[in-house]
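The values are calculated or read from the model by the stated rules, or taken from the named source; none is laboratory data. This is a predicted model, so every value here is computed, not measured. A quick note on method: Cβ atoms are made from the backbone with ideal geometry, for glycine too, and the neighbour counts reach across all protein chains shown. Keep in mind that these areas ignore ligands, DNA and RNA; they rest on the heavy atoms of the full protein, side chains included. Shrake-Rupley method; radii C 1.70, N 1.55, O 1.52, S 1.80 Å.
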Amino acid sequence: MRNIPLWKPRIIFTLATIMALLFMVACGAAEESPAEPAGSSAEPAAPAQGQPEPAAPAAASDAPAQAPASASSDSGQAAAAPAPTAAPSSAGAAPAAAPQSDAPTGTLRIALDEIGPPKWIPKLQGAPQNSINNTTFWESLWRNEKEAGLVGVLAESWEISDDATVWTINLHQGVPFHHDYGELTASDFVFTMENSVEEGTTRSPRLLNLHFFAEGGGMTVVDDYTFEIDTVNPAWSLPWDVATGMTAYMGTGVISQKYYEEYGEEQAGFSLAVGTGPWKSIEHVTGGTWRFEAVQDHWRKTPNFAELHYAEISEESTRLANFLANKLDIATFNLESVAQLEEQCSDCKFKTFTTGAQLFLNIHGNLYVDRADLPTPRDPSLPWVSASADMNSADWINARKVRKAMAISIDRQLLVDTLLLGKGEPAHVYGWAGFEDELGYLADLKHEYDPDMARQLLAEAGYPDGFEVPMALTNRPYPGTIETAAAVATMWEDIGIRTTQIRQPMSAFRPNFVERSWKGINSHGNNVSSEPLLSRTQTYAVAGVVNYGVEHPMSEELNAKIETTFDREERLELVRQLTKFLYDEVFTIPTVSIYHIWPLGPEVDDWEWTFPVVRVPSNLEYIPHRE
């Protein structure tokens, strides 16, 4: 047991108090999406407009209880982007240790806290529909695996030009759409991407336009099964938008252009779920259960289960009761429920991912790029902001001491042990959760907990009595976003930093990111992407619409290089340099990384998921029956 200094009882009492609030937040990331009228859909008819009560999950299995199973865990490893001139062959191989049944049997029962109404065209799908659609009835060009990296799904093979600007992609032939809508062609993919960026899309079209509709480039259909994408400039991250597992969207499923044209824009998104995936949608009840049947003799992989039932059960206690009664096989739970299942479900296995999310604190106001269009000028009266952009100046050094004091006065291990119940780990560098094996020299960077040194640094910087700072407690859909920030505020009080706390939804706080206008701290969290987050982020750049409070010539230079460096190892080294810069100058304060844990009931066994996004289960067709 860790020795806790005697002066910590007040902090521990505060942590114990706010723990009661922590577990109201479910594990996993969700994005905001526009509200949609409630309704139910039973194919092929268009959905009715009433909202029924949530349907009960499938009946419990009569199978005998299994022997207790040991816990199963997964940790992340980065997936490599395809190298220029490489021509990967058709992969589509089955993930490791995933036996295939001779014929599908039984019902696979999954529950989430939200499924939402039907949204079955790319431009309409928000969260969580996107991630469910793309892992059931839709298929993307690729999927991303932990060990294998980028694996072809609809893409049979692909190659990249020597200058890394033209991607030539060959599709598998003879891939049928559900409901007799013909065979997948290159034109269907082009149509899918066009639909994704249409006016009114719920997706973020900037990178889609940059990659698939570049000025002077774009997509060209070569023949029925071949198309080219000319990105004009090297675009190493192009697969991110069209590969399952690489972003929260979980890919871009290809839709049938024939289906869309038959139903028209008004009905196409709500009438039929038409895709090429191993699961065929047969009934969707908004607020209840979405039922699928296995596609017999699927072109790629027939599922091991005959049916899939995706239930929406918003109440945590109801999901937990159904799981314990063996009426669910897989479900999302908060950390408190996971701990309860660990105690009460001896036949359960637990799929643990280190790639859940990372929480951090943004320190706003460090804007050192002189530009006429800066929305909010730099304010050097803030203790953590330097009046001079000279990194060797006394002003700069003192402001850095203040930021360092804030970073080392946080007992991260205490946050993990109490608020996260041990289901996480301290975070010291931003954006590398799940990529710990690639940290290199960054692994030695630690904001070691030292409140005495923090007080000394504040005194050296001219603040022996501390100072006051506004702190926006802005929530994110990860456990403990606000609670850890509130605990940090208590720790800061012990070194003299007094916070004025304001609770705000992230949607209400967002204009501060855009206008660079907040003069304080805000709590934040991000899920994990297919490379360390700084590979693709613009949140520390002038060009970023959303900015986390930092603009600096060094980050501008490194961001520009990262964006145009196709070789992954070279790019990751640039990301390390940017990470170290942010760490050395303490421009952001990571606090904890959160594990994402999925309990598996006694009827199902372990299988390999796509990597690294685990907001919903993936590779469902490979889920085996428990022997």
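Summary table below
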quantity: Probe 1.4 Å, accessible area per residue of the stretch 314-375, Å²; calculated: 35 Å²
quantity: Lys/Arg +1, Asp/Glu -1 at C-beta; the stretch 552-613 dipole; positive extreme among Ile597, Thr579, Thr565; calculated: Thr579
quantity: For the stretch 566-571, Karplus couplings with θ = phi - 60° (6.51, -1.76, 1.60), whole Hz, Gly/Pro x; calculated: 7, 5, 5, 5, 5, 5
quantity: Cα-derived Rg over Rh, computed across the stretch 140-196 with Rh taken as Kirkwood radius; calculated: 1.02
quantity: Shape call, the stretch 90-216: gyration tensor on alpha carbons, a/c limit 1.5; calculated: oblate
quantity: The stretch 290-405: mean projected area of Cα convex hull, nm²; calculated: 15.1 nm²
quantity: Computed magnitude of the charge dipole of the stretch 368-469 (debye, nearest 20; Cβ of K, R +1, Cβ of D, E -1); calculated: 180 debye
quantity: Per residue accessible area of the stretch 97-149, 1.4 Å probe, in Å²; calculated: 25 Å²
quantity: At R0 = 30 Å, FRET efficiency that the Cβ-Cβ distance of Ala325 and Glu627 yields, to 0.05; calculated: 0.85
quantity: Within the stretch 536-622: Cβ-based charge dipole about Cα centre, in debye rounded to nearest 20 (Lys, Arg +1; Asp, Glu -1); calculated: 280 debye
quantity: Estimated vicinal HN-Hα couplings, Hz - the stretch 590-600 in sequence order (Karplus 6.51, -1.76, 1.60; Gly, Pro = x); calculated: x, 10, 9, 9, 10, 6, 10, 10, 10, x, 10
quantity: Ordering of 315-326, 609-620 by packing [mean C-beta count within 10 Å, highest first]; calculated: 609-620, 315-326
quantity: √(5λ) per eigenvalue of the Cα gyration tensor, the stretch 194-320, largest first, Å; calculated: 31, 19, 17
quantity: Kirkwood Rh in Å, taken over all unlike Cα pairs in the stretch 209-254; calculated: 11.5 Å
quantity: Interchain or long-range residues, amide H under 5 Å from Glu145's placed H; calculated: Leu150, Val151, Phe611
quantity: Compactness index (Cα Rg / 2.2 N^0.38 Å), the stretch 512-557; calculated: 1.19
quantity: The stretch 302-374, dipole about Cα centre (Lys/Arg Cβ +1, Asp/Glu Cβ -1), debye to the nearest 20; calculated: 160 debye
quantity: Rounded to the nearest 10 Å², the accessible area of Arg510 at probe 1.4 Å; calculated: 110 Å²
quantity: Probe 1.4 Å - accessible area at Tyr249, Å² to nearest ten; calculated: 30 Å²
quantity: Carbon/sulfur fraction of accessible area - the stretch 246-387, other protein chains in place, 1.4 Å, %; calculated: 44 percent
quantity: Cα-based convex hull, the stretch 143-247, per residue volume (Å³, whole number); calculated: 122 Å³
quantity: Separation between Cα centres of the stretch 417-460 and the stretch 170-184, rounded to whole Å; calculated: 50 Å
quantity: Scaled radius of gyration (Cα, divided by 2.2 N^0.38 Å) that the stretch 293-353 gives; calculated: 1.37
quantity: Whole-Hz ³J(HN,Hα) from phi, Karplus 6.51 cos²θ - 1.76 cosθ + 1.60, for the stretch 551-563, glycine and proline x; calculated: 10, 8, x, 5, 5, 4, 5, 5, 4, 4, 5, 4, 5
quantity: For the stretch 413-523: span of alpha carbons on each principal axis (Å, largest first); calculated: 39, 37, 28
quantity: Relative pair counts by distance (%), Cα atoms of the stretch 554-595, 10 Å bins; calculated: 27, 45, 26, 2
quantity: Dipole axis of the stretch 111-170 (+1 Lys, Arg; -1 Asp, Glu on Cβ), positive-most option in Phe137, Trp167, Gly152; calculated: Phe137
quantity: The stretch 213-324, relative contact order [Cα under 8 Å, separation at least 6], %; calculated: 12 percent
quantity: In nm, spacing of pseudo-spin labels at Ala372 and Asp223 (7 Å Cα→C-beta vector); calculated: 5.5 nm
quantity: Global size of the stretch 499-590 as Cα Rg and Dmax, reported in angstrom; calculated: 14.1, 45
quantity: Largest to smallest principal axis extent of the C-alpha atoms in the stretch 347-503, angstrom; calculated: 61, 34, 33
